[in-house]
Amino acid sequence: MLQLVVVYLPGSGIELLHPVLTALGYTPRGTLNSAAEPATGARPGEVYPLLEAAYGTDEAVRLLQDYHHSTRDPADLQDAWNGAVLTLWRVWWQRLGQPVTAHTPLDPAVEQRLTRLDDALLISLLPGRNAWYVNELDPTRADAGLLRHWHTTGHPPVVHLHRDPGDRITSLIQHLCRQDGRVGTIPAHLIYRDILTALPTMDARLTHALSDPHFPGNTAALHTAWLRHHPAVTTLTCEELAGPDYGGTLPARHAALTRLTAALGHPNPAPDDLPGPPPDRPDLTTGLFHQHADPHHKQLLDTLHASAGGHPASQPRVGTRPGLRA
């Protein structure tokens, strides 16, 4: 499966999952994508279909003929390809219901052409083998056609990483307050770093995060609760993936990785051959919330997440829709 959607709330311990998916051959995109340009070259059969969809048949043929006959600068074809890929990524990102910036250097005419593509064609045109990481998959904001396509075909497969809400929020607070200030470029994270670092204690920071419905992940928890109950979604938990170093168990980790590789059509490698949890990450520890919380914080947490469905079922469901293998 060439495209995969990974849904996780910030602070959920994605560091336990994305090295595994990378080892399975998926390039991280979306919220974990740090590259401004396409990082991988085109594979056989990927170039012409996307150029044709982006620029039309005549221009696609001209670009390739000029390249093969060396009548133009080879950089022209590379620039056209990069522009088409970046625009396609933007269109795909919007179909997933994700926010984009208003200003973009991309060609609006190309974006308009790609926006009109049907979902099956758009997915097939995405080059490479990619894991699209998103912090939310809200069925009221994602493209209706894409959701219908997924309902019918099971493509692209969806993996959901869940974590105990208190641990997630505590971990995110620690990340946003890190001394080196390296919290990424997500606007909400930058804003809440300013807010949290202005508070004097962890007690005050926890109280604020648990009281503010707009703290990163709080609203998204409501919009992603459906994922834990859908039979075509493969749900994993941070607690399962943590392993013995962070309060989990090796059998639970192996079982979770086996579910994952089976759902993605990867019977091999074995769990022991996949990357283990990163070292020296106390923020991934199970039960982190209880190290800092008092009864007041626990009451705030119960109130905040009561409508989000609480904790996941002890046996996360495995995808069984067409296109997924249990």
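Hey, if we sort TYR133, TYR55 by accessible area with the 1.4 Å probe, largest down, what's the order? Before the final figure, lay out each step's value.
Values: TYR133 0, TYR55 55 Å².
Most to least solvent-accessible, the answer reads TYR55, TYR133.
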* For the chain, modelled as a Gaussian network with Cα springs under 10 Å, which listed residue fluctuates most, VAL85, VAL134, VAL61? -> VAL61
* Please get the size of the charge dipole for the chain, origin at its Cα centre, with Cβ charges of +1 on Lys and Arg and -1 on Asp and Glu, quoted in debye to the nearest 20. => 660
* Asked: What are the residues whose amide H is under 5 Å from the amide H of HIS162, where those residues sit 5 or more places off or on another chain and H is modelled from the backbone?
  -> LEU236, THR237, CYS238
* Asked: Once all Cα-Cα distances of the chain are split into 10 Å bins that start at 0, what whole-number percent is in each one?
  -> 5, 24, 31, 23, 12, 4, 1, 0
* Asked: In whole Å, what is the distance between the alpha-carbon centres of region 80-158 and region 217-265?
  -> 25
* Asked: Can you put VAL6, VAL100 in order of accessible area, largest first, using a 1.4 Å probe?
  -> VAL100, VAL6
* Asked: Mind listing the phi-derived Karplus ³J(HN,Hα) values for region 95-105, rounded to whole Hz, using 6.51, -1.76 and 1.60 with θ = phi - 60°, and x for any glycine or proline?
  -> 5, 6, x, 9, x, 10, 7, 5, 7, 8, x
* Could you pull out every residue, at least 5 positions away or on a different chain, whose amide H is within less than 5 Å of the one on TYR133? Hs are placed 1.01 Å off N in the peptide plane, and Pro or chain starts have none. => VAL6, ARG29, GLY30, THR31, LEU32
* Asked: Short version: ³J(HN,Hα) in whole Hz for each residue of region 191-198, in order, from phi by Karplus 6.51 cos²θ - 1.76 cosθ + 1.60 (θ = phi - 60°), x for Gly and Pro, what are they?
  -> 5, 6, 4, 4, 5, 5, 6, 7
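Going by accessible area, probe 1.4 Å, with all protein chains left in place, what is the ranking of ASP180, ASP283, largest first? Kindly include the intermediate steps, with their values, before the conclusion.
Working: ASP180 85, ASP283 25 Å².
Output order, biggest surface exposure first: ASP180, ASP283.
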* Principal axes of region 38-124: Cα extent on each, largest first, Å -> 42, 27, 24
* Any chance you could run the full-extension gain for GLN299 through THR197? It's 0.36 nm times the residue separation minus the Cα-Cα distance, nm to one decimal. => 34.4 nm
* To do: On each of the three principal axes of the Cα atoms of region 1-157, give max minus min coordinate, whole Å, ordered largest first.
  => 52, 32, 32
* Structure fact -> So, for the Cα atoms of region 73-119, Rg and Dmax in Å stand at 11.5, 38
* **Residue-wise HN-Hα coupling along region 229-240, computed from phi with Karplus coefficients 6.51, -1.76, 1.60 (Hz; x: Gly, Pro)** => 10, 7, x, 8, 9, 8, 9, 10, 10, 4, 5, 5
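Of the accessible area of the chain, with the probe set at 1.4 angstrom, what percent is carbon plus sulfur? Can you show the working numbers first?
Values: 8510 of 15190 Å².
The nonpolar share, carbon plus sulfur, comes to 56 percent.
Using square roots of five times the C-alpha gyration tensor eigenvalues, list the equivalent-ellipsoid semi-axes of region 178-305 in whole Å, biggest first. Each step should come with its number before you reach the end.
Numbers: eigenvalues 189, 66, 50 Å².
The three semi-axes for region 178-305 are 31, 18, 16 Å.
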* **Calculated over region 216-290: convex hull of Cα atoms, volume per residue (Å³)** => 118
* Structure fact -> Both in Å, the radius of gyration and Dmax of the C-alpha trace of region 138-207 are 17.4, 51
* Rolling a 1.4 angstrom probe over the protein heavy atoms, how many square angstrom per residue are accessible across the chain? -> 47
* Structure fact -> With +1 at each Lys and Arg Cβ and -1 at each Asp and Glu Cβ, the charge dipole magnitude of region 144-244 around its Cα centre, to the nearest 20 debye, comes out at 260
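The values are calculated or read from the model by the stated rules, or taken from the named source; none is laboratory data. What you are looking at is a predicted structure, and each value in this text was computed from that prediction instead of being measured. Please note: Cβ atoms are built from the backbone with ideal geometry, for glycine as well, and neighbour counts cover all protein chains shown. Note: accessible area is taken over every heavy atom of the protein model, side chains too, but ligands, DNA and RNA are not part of it. Shrake-Rupley method; radii C 1.70, N 1.55, O 1.52, S 1.80 Å.
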